[in-house]
1. Helix-only mean residue ellipticity at 222 nm, the chain, DSSP H runs n ≥ 4 weighted -39,500 (n - 2.57), per residue, nearest 500. What is it?
2. Let me spell out the model: positive unit charges on the Cβ of Lys and Arg, negative unit charges on the Cβ of Asp and Glu, origin at the Cα centre of the range 17-72. What dipole size does that give, in debye rounded to 20?
3. Using only Cα atoms, find the angle between the long axis of helix 53-68 and the longest principal axis of the chain, and express it within 0 to 90 degrees, rounded to the nearest 10.
4. Residue 8 to residue 56: extension gain in nm, 0.36 nm per residue of separation minus the Cα-Cα distance?
5. May I ask you to give the percent of accessible area on the chain that is carbon plus sulfur, with a probe radius of 1.4 Å?
6. Under a 1.4 Å probe, what is the accessible area of the chain per residue, stated in Å²?
7. Just to check, using Stokes-Einstein with a Kirkwood Rh over alpha carbon pairs, what's the diffusion coefficient of the chain at 10 °C and 1.306 mPa s in µm²/s?
8. Counting pairs of alpha carbon atoms under 8 Å apart in space and at least six apart in sequence, what relative contact order in percent does the range 1-70 give?
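The values are calculated or read from the model by the stated rules, or taken from the named source; none is laboratory data. Values in this document were obtained by computation on a predicted structure and should not be read as measured data. In this analysis, Cβ positions are derived from the backbone assuming ideal geometry, glycine residues included, and neighbour counts consider all displayed protein chains. Side chains are part of the model used for accessible areas, which takes the heavy atoms of the whole protein and leaves out ligands, DNA and RNA. Shrake-Rupley method; radii C 1.70, N 1.55, O 1.52, S 1.80 Å.
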Amino acid sequence: MSKDAFIYIIDSTDTIVSISDNWDTFADANAWGSSMRSEDVVGRKLWAFIQDRETRHLCQELFPRVRGGVSS
């Protein structure tokens, strides 16, 4: 894995259950301060971090299809 790759894993309820080890460095580099430390991110819904309404809606429609193998 590249040191520039930031990985998060979500469960079936779209809760973030794991993030890459370099997350805190990424948060610091983006001046997110203490509100986005790894311990503050894991356990929260992914949707809390997607601000754009259209992007959030698209992902909320797409994820169940991917999980269920639904094709259009």
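1. Rounded to the nearest 500, it is -10500 deg cm²/dmol.
2. Once rounded to the nearest 20, the dipole reads 340 debye.
3. 60 degrees
4. 15.7 nm
5. Carbon and sulfur: 54 percent of the exposed surface of the chain.
6. Here the residues of the chain average 73 Å² of exposed surface.
7. 117 µm²/s
8. Taking the mean separation of contacting Cα pairs over the length of the range 1-70, I get 26 percent.
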